[in-house]
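Beneath this line is the structure, given in structure tokens, with notes to follow.
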Amino acid sequence: MRLFPQLVPEFVAEGTSKYGSSGGRVHLLSPEVAHRIAAGEVIERPASAVKELIENSLDAAASRVEVEIEGGGVGLIRIHDDGSGMSADDAERAVARHATSKIFTADDLAHVASLGFRGEALHAIGAVSDLTLTTSELGSRRAVAVRVLAGEIASVEAAAHPPGTTVEVRNLFLNLPVRRGFLGTMRAEANAVAAVVQALALSCPEVGFSLRSEGRRVISLPAAADLRERISQVHGLSLAQSLIALEDTLVWGFVSPLSVSFPTRRYLHVAVNGRVVDTDSFAPAVSKAYADLLPKGRHPATFLRLDLGPGEVDVNVHPAKSAVRLRGGRSAYPLVVGTIRAALAPDSEPGGGDVPDERGSALTLIGQFAGRCIVAQKGDELIILDQHGAHERVLYERLSANPRSEAINLVSPVVARLPEDLSPEVWNFEYELAALGFVFESFGAEAVRILAAPDTATDAVAALIAAVEALAGGEDLAKALACKGSAKFGDSLSREEMRILLEDWSECEFGEVCPHGRPIVKRLALGDLLREFRRS
Ligand SMILES: Nc1ncnc2c1ncn2[C@@H]1O[C@H](COP(=O)(O)OP(=O)(O)OP(=O)(O)O)[C@@H](O)[C@H]1O
Ligand SMILES: [Mg+2]
């Protein structure tokens, strides 16, 4: 059940300015244009009606949108806005199928600048409810009320209404008892409505929103100055303040730092050219951006805004406007991953990061502690490094940049016994494994003899198995190999090995965490130490 457009995989949406002109002149689309618009089910549940009606208010440049529901929205949905309103003629036409003020020709479909464009929503809601549209056009003293009952215009009457529009939807799915049966509990439907209001509110901070459910105020959001303020209103000040700004002209918004993460994807919000987009299409890019930075099962908060040129995105892809795609086969994936990574890298967090730059004054080795940690000094700071995690991070960044390693001949070949399910895979991925630096030959049915392994592998057998598992499972190869290749806890390292590791680590882009998202550095400032010793 999708309420927001989903990006067709690998493509990005384009949005539209949600303040495209809609100020009247509702007309019926010609059959040729109407034919080009994918027909299909528009209203699945109360939340989808609320989404459509709020989008209409936003297209009408409303500065405040008030939503009221009863019975989870099945009994009543009332949406009031202070937008452009409609003339009496437009109001009457607006409830017809394919009636819109937002596009005219088939060409207009190529650069839709409003949230709506099909002339479908009011008609679709009116067809399954008792709908009254009351509206007054800006600058006119008159108002009109158009009532549609199960698809038929029941009345058109003069009314009293301030400039703007109120749409009242009673008894949703009155003529579709089966559809009603598919709805969730009243509470579930009310929650879905609240989620829609929140999501749309995040897409336009400058618009005020409120939601009342069963007479109770559930959401109250005065107009906000910017996205961070809106995030703060919706999700709280502490989350909003922790967020890091993204700095790209096409992709902007906010993401959480590594120290702030959540057990669910709840805080993932995406709008493309002002249009709220289903987050499923962006979750892979966000996951990739944080893949080696957060522990498994933890998710960041991400508020992404993609502003692409108008006309770059096709919004007429799915019957319920539930998919959009970037034209010309472009993909948002690398752009989103790259922008988030750049913002998270310690260097790009001016003053915002708690990560001092490692590249300033010299990092000098002190020694090893307990065979597990490397102790070093940098200026007035004592640095304790988890040597296993640091080595893993170094290997990971090296392998991600270039997974091909030099094949090092083993002094004596080793036999790797493969788990049953992996033994065919090793031959399926023979070419890929060779590129990684593995040279091996068949050794019975379920084993291979390894003659050479990548120079990053400390244990050739473990590394080979990890590589085959990652290749077969479509997992991150760099992470698997880094894990198997890294120095084990308890390894005693020579001073030279420690020095090299320390230097390699200091050049890592994300030196604070291992590729599994665990912290790997502890810092102790001389000042703090002296305070503890009661000396200043
Ligand atoms: N709240 C509103 N304020 C002003 N005009 C409105 C409002 N709601 C609807 N309209 C007018 O009614 C027309 C029909 O609305 P409807 O939602 O059915 O179609 P649409 O928004 O054009 O396209 P879509 O079906 O994609 O939403 C709109 O094009 C707009 O001109
Ligand atoms: Mg609409």
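What follows draws every value from the coordinates through simple rules; no lab data is involved. Everything quoted here is computed from the prediction, not taken from an experiment. FYI the Cβ positions are ideal-geometry reconstructions off the backbone, even for glycines, and counts take in every protein chain you see.
Summary of computed values
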{"quantity": "Neighbour count of at most 12 Cβ within 10 Å plus DSSP loop: longest chymotrypsin sites (Phe, Trp or Tyr not before Pro)-free window in the chain", "calculated": "183-532"}
{"quantity": "Check: segment 229-348 dipole with +1 on Lys, Arg Cβ and -1 on Asp, Glu Cβ, in debye", "calculated": "340"}
{"quantity": "Exposure proxy order (Cβ contacts within 10 Å, fewest to most) of 498, 86", "calculated": "498, 86"}
{"quantity": "Inter-site label distance for residue 529 and residue 39 at 7 Å from Cα along Cβ, in nm", "calculated": "7.8"}
{"quantity": "Listed residue (34, 282, 396) projecting farthest to the positive dipole end of the chain, Cβ model", "calculated": "34"}
{"quantity": "Cα-Cα over 31 Å, subset of 288/321; 321/479; 296/321", "calculated": "321/479; 296/321"}
{"quantity": "Kyte-Doolittle mean at least 0.5, axial Cα span of 24 Å or more - DSSP H helices of the chain", "calculated": "186-203"}
{"quantity": "Positive dipole terminus of the chain, leading residue within 75, 177, 447 (C-beta point charges)", "calculated": "75"}
{"quantity": "Check: the chain dipole with +1 on Lys, Arg Cβ and -1 on Asp, Glu Cβ, in debye", "calculated": "1360"}
{"quantity": "Segment 429-536: trypsin sites (Lys or Arg not before Pro) in DSSP loop, at most 13 other beta carbons within 10 Å", "calculated": "488, 534, 535"}
{"quantity": "Computed [θ] at 222 nm, deg cm²/dmol, the chain (DSSP H ≥ 4; -39,500 (n - 2.57); rounded to nearest 500)", "calculated": "-8500 deg cm²/dmol"}
{"quantity": "Alpha-carbon Debye profile of segment 74-123, log10 I(q)/I(0) at 0.14, 0.19 Å⁻¹", "calculated": "-0.44, -0.76"}
{"quantity": "Compactness of segment 224-304, expressed as Rg and Dmax over alpha-carbon positions, Å", "calculated": "12.1, 35"}
{"quantity": "Positive-pole candidate from 366, 115, 520, dipole of the chain, charges at beta carbon", "calculated": "115"}
{"quantity": "Segment 15-222: relative contact order in percent, alpha carbon pairs under 8 Å with at least 6 residues between", "calculated": "26"}
{"quantity": "Segment 15-222 shape via C-alpha gyration tensor axes, a/c threshold 1.5", "calculated": "rounded"}
{"quantity": "Global form of the chain, assessed from the alpha-carbon gyration tensor, a/c cut-off 1.5", "calculated": "prolate"}
